[in-house]
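Okay, so here's the structure we're looking at.
The values are calculated or read from the model by the stated rules, or taken from the named source; none is laboratory data. Worth saying up front: this structure is predicted, and the values here are computed from it rather than measured. We place every Cβ from the backbone using ideal geometry, glycine too, and count neighbours over all the protein chains shown. Side chains included, ligands, DNA and RNA excluded: accessible areas come from the protein's heavy atoms. Shrake-Rupley method; radii C 1.70, N 1.55, O 1.52, S 1.80 Å.
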Amino acid sequence: MGSSWKINHDVNGLEFIEISNPLAEAKIGLQGAHVAWWRPKSSSEDVLWLSSNARYEKGRSIRGGVPICWPWFGDHPTDGNFCVHGFARVIPWQLIKVVDLKNGATQVSLKLKPTDEAKKQLTYNYNLELTITVGESLYLNLKTTNLSNHPFVISEGFHTYFYVSDIESIKVTGLENMVFSDKFANFNRDIQREPIKFSGPFDRVYTNTSNDCYIEDEKFNRVITIKKSNSDSTVIWTPWDKIANQMADMGKKDEWRRMVCVETANLLENSVVIYPDVSHSIATEYSVQEF
Ligand code: TA6
(Lines give C-alpha, C1' and ligand atoms only; values in the text may rest on other atoms or scores of the structure.)
Protein backbone atom coordinates (compact mmCIF):
# COMPACT_ATOMS: atom_id res chain seq x y z
CA MET A 1 0.00 0.00 0.00
CA GLY A 2 1.34 3.44 -0.92
CA SER A 3 1.40 6.76 0.89
CA SER A 4 -1.14 9.52 0.59
CA TRP A 5 -1.95 12.81 2.21
CA LYS A 6 -4.59 15.48 1.85
CA ILE A 7 -5.72 18.66 3.56
CA ASN A 8 -9.22 18.63 5.03
CA HIS A 9 -11.19 21.52 6.52
CA ASP A 10 -13.38 20.98 9.54
CA VAL A 11 -16.67 22.80 10.24
CA ASN A 12 -14.86 25.61 12.08
CA GLY A 13 -12.54 26.22 9.13
CA LEU A 14 -9.52 24.58 10.73
CA GLU A 15 -7.24 22.75 8.33
CA PHE A 16 -5.79 19.31 9.01
CA ILE A 17 -3.22 17.32 7.03
CA GLU A 18 -4.32 13.69 6.98
CA ILE A 19 -1.58 11.19 6.29
CA SER A 20 -1.75 7.49 5.56
CA ASN A 21 1.38 5.49 4.72
CA PRO A 22 2.40 1.83 5.00
CA LEU A 23 3.64 2.44 8.56
CA ALA A 24 1.19 4.78 10.24
CA GLU A 25 -1.69 7.23 10.11
CA ALA A 26 -1.65 10.79 11.41
CA LYS A 27 -3.66 13.97 11.51
CA ILE A 28 -1.85 17.30 11.90
CA GLY A 29 -3.61 20.62 12.48
CA LEU A 30 -2.15 23.62 10.65
CA GLN A 31 -3.21 25.70 13.63
CA GLY A 32 -0.42 25.10 16.12
CA ALA A 33 1.34 22.52 13.86
CA HIS A 34 -0.49 20.22 16.20
CA VAL A 35 -0.17 16.44 15.79
CA ALA A 36 -3.68 15.60 16.95
CA TRP A 37 -3.35 11.98 16.00
CA TRP A 38 -0.69 9.39 15.16
CA ARG A 39 -0.94 5.66 15.28
CA PRO A 40 1.68 3.23 13.99
CA LYS A 41 -0.02 0.34 12.19
CA SER A 42 1.91 -2.22 14.23
CA SER A 43 0.44 -0.95 17.50
CA SER A 44 -2.59 -2.72 19.00
CA GLU A 45 -3.60 0.34 21.01
CA ASP A 46 -3.56 4.09 20.48
CA VAL A 47 -0.31 5.77 21.47
CA LEU A 48 -1.40 9.39 21.78
CA TRP A 49 -4.36 10.47 23.91
CA LEU A 50 -6.92 12.85 22.43
CA SER A 51 -9.77 14.11 24.57
CA SER A 52 -13.25 13.19 23.36
CA ASN A 53 -14.37 16.76 24.00
CA ALA A 54 -11.26 18.55 22.73
CA ARG A 55 -12.19 21.96 21.32
CA TYR A 56 -11.44 22.56 17.65
CA GLU A 57 -11.61 26.34 17.57
CA LYS A 58 -9.56 29.14 16.11
CA GLY A 59 -7.11 30.46 18.69
CA ARG A 60 -7.53 27.53 21.08
CA SER A 61 -5.24 24.56 21.62
CA ILE A 62 -6.51 21.00 21.12
CA ARG A 63 -6.53 18.92 24.34
CA GLY A 64 -4.46 15.92 23.37
CA GLY A 65 -1.83 14.88 20.85
CA VAL A 66 1.27 17.07 20.71
CA PRO A 67 0.76 20.78 21.53
CA ILE A 68 3.87 22.89 20.85
CA CYS A 69 4.92 25.19 23.71
CA TRP A 70 6.98 28.13 22.39
CA PRO A 71 8.49 30.74 22.95
CA TRP A 72 7.72 30.26 26.61
CA PHE A 73 6.65 27.23 28.59
CA GLY A 74 3.87 27.74 31.17
CA ASP A 75 2.96 31.29 32.12
CA HIS A 76 4.64 34.21 30.38
CA PRO A 77 7.45 35.37 32.70
CA THR A 78 6.02 38.89 33.16
CA ASP A 79 2.63 39.32 31.44
CA GLY A 80 -0.27 37.15 32.61
CA ASN A 81 -2.40 38.31 29.62
CA PHE A 82 -0.28 36.33 27.21
CA CYS A 83 -1.23 32.80 26.20
CA VAL A 84 -0.08 30.08 28.62
CA HIS A 85 2.64 27.96 26.95
CA GLY A 86 3.19 30.60 24.26
CA PHE A 87 1.36 31.44 21.06
CA ALA A 88 2.88 28.81 18.74
CA ARG A 89 0.20 26.26 19.65
CA VAL A 90 -2.73 28.52 18.79
CA ILE A 91 -1.77 30.39 15.61
CA PRO A 92 -1.58 29.24 11.99
CA TRP A 93 1.45 27.52 10.54
CA GLN A 94 2.26 27.20 6.87
CA LEU A 95 2.81 23.88 5.16
CA ILE A 96 6.21 23.97 3.42
CA LYS A 97 6.48 20.45 2.04
CA VAL A 98 5.49 16.82 2.38
CA VAL A 99 8.04 14.17 1.38
CA ASP A 100 7.59 10.40 1.12
CA LEU A 101 10.70 8.81 2.60
CA LYS A 102 12.22 5.59 1.24
CA ASN A 103 11.37 3.65 4.40
CA GLY A 104 7.64 4.39 3.94
CA ALA A 105 7.45 7.26 6.46
CA THR A 106 6.12 10.71 5.57
CA GLN A 107 8.00 13.88 6.45
CA VAL A 108 6.04 17.11 6.90
CA SER A 109 7.72 20.52 7.21
CA LEU A 110 5.86 23.50 8.63
CA LYS A 111 6.76 27.09 9.41
CA LEU A 112 5.06 29.41 11.89
CA LYS A 113 3.21 32.38 10.38
CA PRO A 114 3.44 35.19 12.96
CA THR A 115 0.06 36.94 13.37
CA ASP A 116 -0.25 40.60 14.44
CA GLU A 117 -1.15 39.37 17.92
CA ALA A 118 2.01 37.22 18.05
CA LYS A 119 4.12 40.12 16.76
CA LYS A 120 2.94 42.22 19.72
CA GLN A 121 4.16 39.53 22.11
CA LEU A 122 7.77 39.37 20.87
CA THR A 123 10.05 42.20 19.88
CA TYR A 124 12.59 40.17 17.96
CA ASN A 125 12.70 38.44 14.58
CA TYR A 126 12.93 34.70 14.33
CA ASN A 127 12.09 31.74 12.17
CA LEU A 128 10.33 28.73 13.68
CA GLU A 129 10.10 25.46 11.78
CA LEU A 130 8.73 22.07 12.74
CA THR A 131 9.63 18.85 10.96
CA ILE A 132 7.40 15.88 11.71
CA THR A 133 8.23 12.36 10.54
CA VAL A 134 5.22 10.07 10.60
CA GLY A 135 6.22 6.42 10.53
CA GLU A 136 6.72 3.47 12.82
CA SER A 137 7.94 6.15 15.24
CA LEU A 138 6.83 9.77 15.46
CA TYR A 139 9.74 12.23 15.25
CA LEU A 140 9.43 15.97 15.86
CA ASN A 141 12.16 18.57 15.43
CA LEU A 142 11.47 22.20 16.37
CA LYS A 143 14.06 24.61 15.00
CA THR A 144 14.34 28.21 16.19
CA THR A 145 16.57 30.61 14.25
CA ASN A 146 17.52 34.03 15.55
CA LEU A 147 17.05 36.62 12.77
CA SER A 148 17.68 39.57 15.09
CA ASN A 149 20.88 41.41 15.87
CA HIS A 150 20.83 40.47 19.55
CA PRO A 151 20.50 37.23 21.54
CA PHE A 152 17.12 36.14 22.90
CA VAL A 153 15.95 33.53 25.42
CA ILE A 154 13.22 30.95 24.88
CA SER A 155 11.65 28.12 26.82
CA GLU A 156 9.88 25.40 24.87
CA GLY A 157 8.43 21.92 24.90
CA PHE A 158 6.37 19.19 23.27
CA HIS A 159 3.40 18.92 25.64
CA THR A 160 2.58 15.39 24.54
CA TYR A 161 -0.42 13.42 25.82
CA PHE A 162 0.17 9.65 25.83
CA TYR A 163 -2.59 7.07 25.98
CA VAL A 164 -2.21 4.59 28.87
CA SER A 165 -4.25 1.69 30.23
CA ASP A 166 -4.75 3.30 33.65
CA ILE A 167 -2.74 6.09 35.26
CA GLU A 168 -2.56 4.15 38.54
CA SER A 169 -1.01 1.06 37.01
CA ILE A 170 1.77 2.57 34.88
CA LYS A 171 5.19 3.84 35.76
CA VAL A 172 7.47 6.36 34.11
CA THR A 173 11.18 5.54 34.26
CA GLY A 174 14.30 7.40 33.19
CA LEU A 175 14.12 10.22 35.72
CA GLU A 176 15.45 8.42 38.80
CA ASN A 177 17.94 10.54 40.80
CA MET A 178 16.97 13.70 38.91
CA VAL A 179 16.06 16.98 40.61
CA PHE A 180 12.51 18.22 40.11
CA SER A 181 10.53 21.34 40.88
CA ASP A 182 7.03 20.45 42.13
CA LYS A 183 4.15 22.75 41.09
CA PHE A 184 1.94 21.17 43.76
CA ALA A 185 4.51 21.95 46.50
CA ASN A 186 5.20 25.64 45.84
CA PHE A 187 7.74 24.71 43.18
CA ASN A 188 9.99 23.25 45.90
CA ARG A 189 12.87 21.13 44.68
CA ASP A 190 13.46 17.50 45.54
CA ILE A 191 15.10 14.40 44.10
CA GLN A 192 13.16 11.68 42.30
CA ARG A 193 14.37 8.57 44.13
CA GLU A 194 12.23 5.89 42.45
CA PRO A 195 10.51 5.29 39.12
CA ILE A 196 7.43 7.54 38.97
CA LYS A 197 4.06 6.07 39.98
CA PHE A 198 0.85 8.07 40.19
CA SER A 199 -1.72 8.27 42.97
CA GLY A 200 -2.80 11.92 42.77
CA PRO A 201 -2.27 15.15 40.80
CA PHE A 202 1.29 15.35 39.50
CA ASP A 203 3.01 18.35 37.89
CA ARG A 204 6.79 18.31 38.05
CA VAL A 205 9.57 19.84 36.01
CA TYR A 206 12.73 17.71 35.97
CA THR A 207 15.72 19.87 35.12
CA ASN A 208 19.23 19.12 33.87
CA THR A 209 18.25 15.77 32.40
CA SER A 210 18.81 14.66 28.84
CA ASN A 211 17.67 11.11 29.67
CA ASP A 212 15.19 9.26 27.49
CA CYS A 213 12.00 8.26 29.34
CA TYR A 214 9.84 5.16 29.25
CA ILE A 215 6.16 4.68 29.99
CA GLU A 216 5.93 1.12 31.25
CA ASP A 217 2.38 -0.12 30.85
CA GLU A 218 1.94 -3.74 31.94
CA LYS A 219 -1.80 -3.85 31.25
CA PHE A 220 -1.16 -2.85 27.65
CA ASN A 221 1.89 -5.15 27.49
CA ARG A 222 4.01 -2.36 26.16
CA VAL A 223 6.61 0.32 26.76
CA ILE A 224 6.47 3.71 25.06
CA THR A 225 9.97 5.16 24.57
CA ILE A 226 10.41 8.93 24.56
CA LYS A 227 13.80 9.83 23.10
CA LYS A 228 15.04 13.37 23.11
CA SER A 229 17.85 15.56 21.90
CA ASN A 230 18.87 19.11 22.82
CA SER A 231 16.40 18.91 25.69
CA ASP A 232 17.51 19.26 29.30
CA SER A 233 14.08 19.36 30.99
CA THR A 234 11.25 16.84 31.15
CA VAL A 235 7.80 17.74 32.46
CA ILE A 236 5.45 15.07 33.79
CA TRP A 237 1.80 16.04 34.26
CA THR A 238 -1.46 14.37 35.11
CA PRO A 239 -4.37 16.38 36.56
CA TRP A 240 -6.39 13.80 38.56
CA ASP A 241 -10.14 14.01 39.13
CA LYS A 242 -10.63 17.39 40.81
CA ILE A 243 -8.58 19.40 38.32
CA ALA A 244 -9.77 17.34 35.34
CA ASN A 245 -13.41 17.97 36.29
CA GLN A 246 -12.77 21.71 36.39
CA MET A 247 -11.40 21.66 32.85
CA ALA A 248 -13.96 21.95 30.05
CA ASP A 249 -12.09 19.75 27.60
CA MET A 250 -10.51 16.86 29.54
CA GLY A 251 -13.02 14.35 28.22
CA LYS A 252 -15.85 12.46 29.85
CA LYS A 253 -15.76 11.14 33.40
CA ASP A 254 -12.46 9.41 34.19
CA GLU A 255 -11.09 9.85 30.67
CA TRP A 256 -8.13 11.64 32.31
CA ARG A 257 -7.15 8.28 33.82
CA ARG A 258 -6.12 7.13 30.34
CA MET A 259 -3.47 9.82 29.83
CA VAL A 260 -0.11 11.02 31.03
CA CYS A 261 1.92 13.93 29.67
CA VAL A 262 5.65 13.29 29.27
CA GLU A 263 7.04 16.50 27.85
CA THR A 264 10.43 16.91 26.18
CA ALA A 265 11.30 20.49 27.04
CA ASN A 266 13.75 23.24 27.96
CA LEU A 267 12.61 25.55 30.75
CA LEU A 268 13.57 27.17 34.05
CA GLU A 269 17.39 27.09 34.20
CA ASN A 270 17.41 25.09 30.97
CA SER A 271 15.86 27.92 28.97
CA VAL A 272 17.90 28.49 25.82
CA VAL A 273 19.84 31.58 24.74
CA ILE A 274 19.96 31.84 20.95
CA TYR A 275 22.52 34.14 19.35
CA PRO A 276 22.06 36.10 16.10
CA ASP A 277 22.11 33.93 12.95
CA VAL A 278 22.24 30.79 15.10
CA SER A 279 19.66 27.99 15.10
CA HIS A 280 18.68 25.76 17.98
CA SER A 281 16.71 22.52 17.49
CA ILE A 282 14.93 20.50 20.14
CA ALA A 283 13.79 17.05 19.05
CA THR A 284 11.86 14.09 20.38
CA GLU A 285 10.90 10.66 19.06
CA TYR A 286 8.18 8.32 20.25
CA SER A 287 8.09 4.57 19.63
CA VAL A 288 6.27 1.58 21.05
CA GLN A 289 7.62 -1.82 22.05
CA GLU A 290 4.95 -4.48 22.68
CA PHE A 291 5.80 -7.67 24.54
O1 TA6 B 1 2.87 20.91 31.45
C2 TA6 B 1 2.14 20.92 32.62
C3 TA6 B 1 1.17 22.09 32.60
O4 TA6 B 1 1.87 23.28 32.47
C5 TA6 B 1 0.32 22.02 33.86
O6 TA6 B 1 0.74 22.93 34.83
C7 TA6 B 1 -1.09 22.13 33.37
O8 TA6 B 1 -1.70 23.31 33.60
C9 TA6 B 1 -0.99 21.69 31.94
O10 TA6 B 1 0.30 21.99 31.49
C11 TA6 B 1 -2.05 22.08 30.95
O12 TA6 B 1 -1.90 23.37 30.47
P13 TA6 B 1 -2.94 23.96 29.44
O14 TA6 B 1 -2.55 25.40 29.27
O15 TA6 B 1 -2.83 23.17 28.17
O16 TA6 B 1 -4.32 23.80 30.06
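A few remarks follow.
- Sparsely packed trypsin sites (Lys or Arg not before Pro) within the stretch 94-181, loop by DSSP, other Cβ within 10 Å at most 15: 102
- Highest-MSF residue in the chain out of 248, 118, 265 [GNM, Cα springs under 10 Å]: 248
- Charge dipole (Cα centre; +1 on Lys/Arg Cβ, -1 on Asp/Glu Cβ; no other charges) of the stretch 29-80 amounts to roughly 220 debye.
- Listed by chain and number, the aspartates and glutamates placed with their C-alpha closer than 17 angstrom to that of residue 97 are 15, 18, 129; residues fewer than eight positions away on the same chain are left out.
- FRET efficiency, 1/(1 + (r/R0)^6) with R0 35 Å, evaluated for residue 84 and residue 278 via beta carbons: 0.80
- The alpha carbon centroids of the stretch 68-101 and the stretch 222-267 are separated by 18 Å.
- The chain: relative contact order in percent, alpha carbon pairs under 8 Å with at least 6 residues between: 18
- Per residue, the solvent-accessible area of the chain (1.4 Å probe, heavy atoms of protein chains only, all protein chains present) comes to 45 Å².
- Exposure of residue 46 as accessible area (Å², to 10), given a probe of 1.4 Å and all protein chains: 40
- For the stretch 196-286, the equivalent ellipsoid derived from the alpha-carbon gyration tensor has semi-axes of 28, 17, 12 Å in decreasing order.
- For residue 44, net neighbour charge (Lys/Arg +1, Asp/Glu -1) across residues whose Cβ lies under 13 Å away: 0
- Alpha-carbon spread of the chain, three principal axes, descending order, Å: 51, 47, 35
- Among 262, 16, 279 - extreme Cα towards positive end, dipole of the chain, charges at beta-carbon: 16
- Summed residue charge, Cβ within 12 Å of residue 14's Cβ, Lys/Arg positive, Asp/Glu negative: +1
- Diffusion constant of the stretch 153-256 at 10 °C, which comes from Stokes-Einstein with the Kirkwood Cα-pair radius and 1.306 mPa s, µm²/s: 108
- Each Cα pair under 8 Å and six or more residues apart adds its separation to the average, and for the stretch 24-162 the resulting relative contact order is 25 percent.
- Sites listed here are chymotrypsin sites (Phe, Trp or Tyr not before Pro) in the stretch 135-244 whose DSSP assignment is loop and whose Cβ has at most 13 other Cβ atoms within 10 Å: 187.
- Gap separating the Cα centres of the stretch 183-213 and the stretch 25-61, nearest whole Å: 26
- To put it simply, the accessible area of the chain at a 1.4 Å probe is 47 percent carbon and sulfur.
- If a spin label sat at a point 7 angstrom from the Cα of residue 212 along the line to its beta carbon, the backbone N atoms of the stretch 164-195 nearer than 15 Å would be those of 173-175.
- Taking a Cβ cut-off of under 12 Å around residue 221, the surrounding Lys, Arg, Asp and Glu residues balance to a net charge of -3, with basic ones at +1 and acidic ones at -1.
- Paramagnetic label zone (point 7 Å from Cα along Cα-to-C-beta, residue 243; backbone N under 12 Å) in the stretch 169-195: 182-187
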